[in-house]
């Protein structure tokens with residue numbers, strides 16, 4: 001955006017908010033003007049942005065020359081002018097993890113580390129950056145969300161910075177880190193008795209009643225597209241090619257669906273070499289409706305009552321569950337559910353082999369990868385990318401009981417010598 | 001490092017560890033071969049690497065073309081070959097903070113956000129990346145540290161990834177996030193009764209006895225240089241120029257000293273335009289020996305007994321305190337100490353204006369900036385960079401009592417309507 005015309009567009013957008021892509025229904029195809037609307041008014045299907053197929057796409061070199069944020073892939077995002085808020089989110093590390101590859105028994109493992117996403121240490125920063133620009137574009141001055149924690153953190157953080165009011169709804173019993181990591185930004189935070197699914201139902205009514213932009217409800221058509229940038233970055237960071245396989249945690253099912261879409265659209269544009277990756281989804285055994293759907297081969301999610309310490313992915317009735325299951329099947333991938341004990345071991349394995357401390361969902365992802373590798377679904381020849389979506393500092397309660405008690409000494413060298421001796 | 005010769009050097013380094021710069025005493029100038037040694041053997045002064053004044057320095061364009069890590073400034077780091085571990089640390093966001101600038105009453109405020117440093121969410125990742133490469137270069141297979149928390153997290157994370165054994169010593173009563181954020185990586189973690197200064201004294205003996213590389217003791221000459229990269233990045237991210245003023249928290253005093261050095265050396269190399277920034281240091285009133293030294297105009301630190309919730313900077317006898325005070329005076333800057341109440345308000349102000357959730361040290365930095373601005377030391381014409389060195393998720397205990405209790409609702413729309421009504 002460096003020409004005078006582009007600069008003028010940016011200036012206009014800064015005043016009135018950026019222009020947004022139109023929406024259309026993913027099921028019946030009915031179009032919808034840009035608006036804060038949750039579902040298709042004809043068939044209640046989910047909405048997706050429509051991109052002009054004749055728009056000029058950038059080259060690899062053009063993308064590489066842009067700032068390192070999600071907006072370097074702006075031709076695949078529904079914000080048509082330059083973003084006016086959250087300009088600097090995205091471009092997290094992709095790190096080689098040879099010790100983890102050995103533990104999994106795959107040729108190569110890489111970790112996409114959204115645990116250090118700016119500003120709020122989860123991949124939700126990507127979707128919220130898109131949603132808040134959509135909110136500004138629609139002239140909304142209040143935003144919000146129904147959240148299991150990470151989304152709450154991110155909406156609170158980015159709304160505060162953008163000067164937007166925020167109303168944030170979470171289950172009553174979230175982890176302390178996620179409550180504090182939301183409240184610190186000064187939003188209106190409301191705890192709701194019940195599960196995430198109860199919170200979500202309430203928020204659907206709230207969106208209708210108050211005309212707010214609830215990022216994962218009536219801005220969902222825009223919001224979800226932000227997740228694609230995790231795939232875009234992985235492809236670019238691998239040197240503009242695809243990995244063999246990608247594994248990600250599944251909550252509402254949107255992330256996996258959008259990762260699949262992100263790889264496909266950069267491949268279609270001729271920017272990524274290699275086949276479409278096989279997509280693998282991970283859930284906690286105590287809340288595995290999408291894994292169940294993949295296993296049953298059915299078409300319709302059977303909602304479950306969540307019972308797991310992996311609260312950030314404890315969604316019993318996932319909005320995009322069937323699309324995630326479809327992406328898994330179509331890509332030739334798979335899905336696995338793991339116990340709470342296995343997920344804690346997964347967090348530790350990730351930390352000990354890569355230096356990355358992920359939250360419960362990360363433990364689910366690593367433990368599921370281990371299970372899929374042992375089952376032979378992940379293969380010894382695979383190059384696997386593990387999507388780590390949130391930071392372990394947010395869920396310390398989950399691992400605390402499993403960690404060894406650290407010895408206490410009074411500060412004498414001989415006490416340390418005794419510990420060293422005992423450790424041999 | 002892309003020529004065949006460079007590639008061969010890298011291959012050698014991968015086997016035997018990189019070559020290291022020699023050291024010399026900052027006080028008496030006595031030289032010292034690369035070795036794990038804490039202080040000058042002649043005068044007990046601190047050691048610093050010696051750089052070949054005839055070495056070829058890169059241009060701005062050459063640096064910009066390198067990977068975005070601390071190693072893009074490798075000509076100013078004491079690791080002479082390519083790094084063999086922790087290759088990807090550094091290059092955190094520098095974000096414009098107009099709302100914070102208004103609150104402070106300065107022309108422009110920017111936040112250097114090491115709260116999202118990879119992998120362990122603090123600026124200590126920079127120094128540890130350098131120290132672990134030094135450890136490998138010296139043939140050491142066990143590393144460790146004396147730490148108030150952030151350093152413990154970073155050594156544990158990076159040692160785990162590098163496959164080095166780690167012994168980590170911390171005060172007994174650290175925050176839960178910092179204990180878990182260390183223990184998760186599986187190091188030998190030892191809690192020591194007493195203050196950080198007691199831990200530090202013990203570790204000086206430990207380093208002598210076991211021949212380990214304790215990053216902030218006998219690898220300190222290498223370790224400290226990593227902090228300079230925060231200044232290097234700020235300069236580059238501002239478009240290769242200096243800001244008017246920089247404020248950073250002070251614990252041992254090394255960070256501020258090295259920031260000052262980092263700006264000076266890039267200016268000397270002709271890479272940064274503008275005057276040397278005025279350096280400002282922030283401490284908690286309950287542990288402010290360096291602020292006291294700046295105020296007294298003296299030469300010698302008077303150790304104090306720390307009494308503050310800002311544990312990460314609670315060092316009563318700071319190793320580099322007099323150098324920090326000197327950098328502050330020479331640059332025309334200043335220093336301020338703030339109460340625990342003020343630091344909590346500082347954390348909230350930062351979060352509410354920028355979306356960045358910093359730890360207690362960040363609150364100290366923001367609150368001190370506010371104080372210095374009110375005193376007129378920071379000026380309305382200033383462009384100020386605030387160095388945010390650690391993540392608020394590590395110190396939730398500090399802010400929890402100050403945050404409003406979030407209301408709990410049963411999931412009925414009318415309950416939300418009542419909250420909305422009450423909020424108007």
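The values are calculated or read from the model by the stated rules, or taken from the named source; none is laboratory data. Being a predicted model, the structure only gives us computed values, none of them experimental. When we count neighbours, we look across all protein chains shown, and the Cβ atoms used for this are built from the backbone with ideal geometry, even at glycine.
Within the bounds of the stretch A:95-104, is there any residue that is within 13 Å of chain B (Cβ to nearest Cβ) and assigned to a strand (DSSP E or B)? Among the residues of the stretch A:95-104, at least one is within 13 Å of chain B (Cβ to nearest Cβ) and assigned to a strand (DSSP E or B), which makes the answer yes.
Taking only the stretch B:60-91 into account, find how many residues are over 20 Å from residue B:136 (Cα atoms), part of a loop (DSSP other than H, G, I, E, B) and either touching a strand residue (DSSP E or B) at 6+ places or on another chain (Cβ under 8 Å) or in contact (Cβ under 8 Å) with a residue 60 or more places away in the chain (or both). Within the stretch B:60-91, residues that are over 20 Å from residue B:136 (Cα atoms), part of a loop (DSSP other than H, G, I, E, B) and either touching a strand residue (DSSP E or B) at 6+ places or on another chain (Cβ under 8 Å) or in contact (Cβ under 8 Å) with a residue 60 or more places away in the chain (or both) number 1.
There is at least one residue in the stretch A:349-366 that is within 14 Å of another protein chain (Cβ to nearest Cβ), at pLDDT 95 or above, farther than 27 Å from residue A:302 by Cα and out of contact with any strand residue (DSSP E or B) (no Cβ under 9 Å at 6 or more places or on another chain).
Scan the stretch B:253-273 for residues that are closer than 15 Å to residue B:361 by Cβ and surrounded by fewer than 24 Cβ atoms within 10 Å (Cβ to Cβ) and the total you get is 0.
In this entry, residue B:221 passes the filter for residues that are touching a residue at least 60 places away in the same chain (Cβ under 8 Å) and under 30 Å from residue A:418 (Cα atoms). Being modelled with pLDDT of 95 or more, within 26 Å of residue B:342 (Cβ to Cβ), away from every other protein chain (no Cβ under 14 Å) and assigned to a helix (DSSP H, G or I) holds for only one residue in B:256, B:266, and it is B:256. The lone criterion from (1) in contact (Cβ under 8 Å) with a residue 40 or more places away in the chain; (2) facing chain B (nearest Cβ under 7 Å); (3) surrounded by 24 or more Cβ atoms within 10 Å (Cβ to Cβ) left unmet by residue A:176 is number (3).
Against the condition surrounded by fewer than 17 Cβ atoms within 10 Å (Cβ to Cβ), within 26 Å of residue B:392 (Cβ to Cβ) and modelled with pLDDT of 95 or more, how does residue B:307 come out, does it pass? Against the criterion (surrounded by fewer than 17 Cβ atoms within 10 Å (Cβ to Cβ), within 26 Å of residue B:392 (Cβ to Cβ) and modelled with pLDDT of 95 or more), residue B:307 qualifies.
Looking at (1) surrounded by fewer than 24 Cβ atoms within 10 Å (Cβ to Cβ); (2) within 21 Å of residue B:286 (Cα to Cα); (3) within 9 Å of chain A (Cβ to nearest Cβ), which is the only condition residue B:162 fails? If we test residue B:162 against (1) surrounded by fewer than 24 Cβ atoms within 10 Å (Cβ to Cβ); (2) within 21 Å of residue B:286 (Cα to Cα); (3) within 9 Å of chain A (Cβ to nearest Cβ), just (2) comes out false.
Between A:403, A:393, A:350, the distinction of being under 25 Å from residue A:174 (Cα atoms), in contact with a helix residue (DSSP H, G or I) (Cβ under 6 Å, 6 or more places away or on another chain) and surrounded by fewer than 21 Cβ atoms within 10 Å (Cβ to Cβ) belongs to A:403 only. Of all residues in the stretch A:192-209, those satisfying the criterion of being at the interface with chain B (Cβ under 8 Å from one of its Cβ atoms) and surrounded by fewer than 19 Cβ atoms within 10 Å (Cβ to Cβ) are A:193, A:194, A:198, A:201, A:205, A:209. Looking only at residues in the stretch B:406-416 that are over 30 Å from residue B:365 (Cα atoms), at the interface with chain A (Cβ under 7 Å from one of its Cβ atoms) and touching a helix residue (DSSP H, G or I) at 6+ places or on another chain (Cβ under 8 Å), the one that is modelled with the lowest pLDDT is B:411. What number goes with the only condition from (1) at the interface with chain B (Cβ under 10 Å from one of its Cβ atoms); (2) over 20 Å from residue B:413 (Cα atoms); (3) in a helix (DSSP H, G or I) that residue A:185 does not pass? In the conditions (1) at the interface with chain B (Cβ under 10 Å from one of its Cβ atoms); (2) over 20 Å from residue B:413 (Cα atoms); (3) in a helix (DSSP H, G or I), residue A:185 misses (3) alone. Considering every residue within the stretch B:36-49, establish whether at least one is over 18 Å from residue B:217 (Cβ atoms), touching a strand residue (DSSP E or B) at 6+ places or on another chain (Cβ under 9 Å) and surrounded by 14 or more Cβ atoms within 10 Å (Cβ to Cβ). No: the stretch B:36-49 contains no residue that is over 18 Å from residue B:217 (Cβ atoms), touching a strand residue (DSSP E or B) at 6+ places or on another chain (Cβ under 9 Å) and surrounded by 14 or more Cβ atoms within 10 Å (Cβ to Cβ).
Would you say residue A:106 is at pLDDT 95 or above, more than 17 Å from the chain's Cα centre (by Cα) and closer than 23 Å to residue B:100 by Cα? Criteria not met by residue A:106. Taken over the stretch B:373-402, residues that are free of Cβ contacts under 8 Å to residues at least 24 places away in the same chain and within 7 Å of chain A (Cβ to nearest Cβ) amount to 1. As a summary of the residue check, residue A:245 satisfies the conditions (1) out of contact with any strand residue (DSSP E or B) (no Cβ under 6 Å at 6 or more places or on another chain); (2) buried (at least 24 other Cβ atoms within 10 Å of the Cβ) except for the one numbered (1). When the stretch A:107-146 is filtered for residues that are part of a loop (DSSP other than H, G, I, E, B) and either farther than 21 Å from residue A:389 by Cα or within 10 Å of chain B (Cβ to nearest Cβ) (or both), the ones remaining, listed by number, are A:107, A:117, A:118, A:119, A:120, A:121, A:138, A:139, A:140, A:141.
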